[in-house]
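Reading through the C-alpha cells given below for one structure.
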Amino acid sequence: MSTSDHSAAPAPAPASFAVDVADVELEPDDLDPAQIVSGEPVVTGRVLWESADGKQVRGIWQITPGVVTDVEADELFVVVSGRATVEVEGGATLEVGPGSACVLREGDKTVWTVHETLRKAYHISY
C-alpha cells in the first residue's frame, strides 16, 4: 500500500445477513494429501465474509470421515453437525459435536479424527 492510500475512506461494512448453516451449498476446498493420515476425507467450504485486509474470515467448513493433520489458525468455531476428536499436540483432546464451541490457538498442531461428517461455522483471525 502506498502512503497515498492512507487517506482513502474505509470500505463500508457489509450488509447484515443470516444463512441456514446446514443448507449452505459448499464448494470443494483443497486438502493437501500429505495431511491425510487415513481414510479419504473430502473438505468443502464457503467463505461468508472476509475483511478487506484478509485478517478476519468467517465461513462454513465441512469434512467427511477420516483422519487428518493440521496447523491451526486463531479460530473460534461452532459445530453444526457431525462429530470429531481433535487432538492438540502437547495439549487437550477435544471431543466436538453439534453445539460444541471450540477455540484453537494459532500454531496448534492437531490431528482430527472425523467420526461423522462434520460441518462448522467459524471465525478465523490471521
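Every number in this text was worked out from the coordinates using simple rules, so none of it is lab data. Here the structure is a predicted model, which is why all the values come from computation and not from measurement. Cβ atoms come from the backbone with ideal geometry, glycine included; neighbour counts cover every protein chain shown.
Within the range 117-126, the set of residues being free of Cβ contacts under 8 Å to residues at least 60 places away in the same chain and over 20 Å from Asp20 (Cα atoms) is empty.
If you filter the range 48-90 down to residues that are among the hydrophobic types (A, V, I, L, M, F, W, C) and exposed (fewer than 14 other Cβ atoms within 10 Å of the Cβ), you find that the one that is nearest to Thr117 (Cα to Cα) is Val71.
Residues in the range 92-115 that are touching a residue at least 60 places away in the same chain (Cβ under 8 Å) and touching a Pro at 6+ places or on another chain (Cβ under 8 Å): Val114 only.
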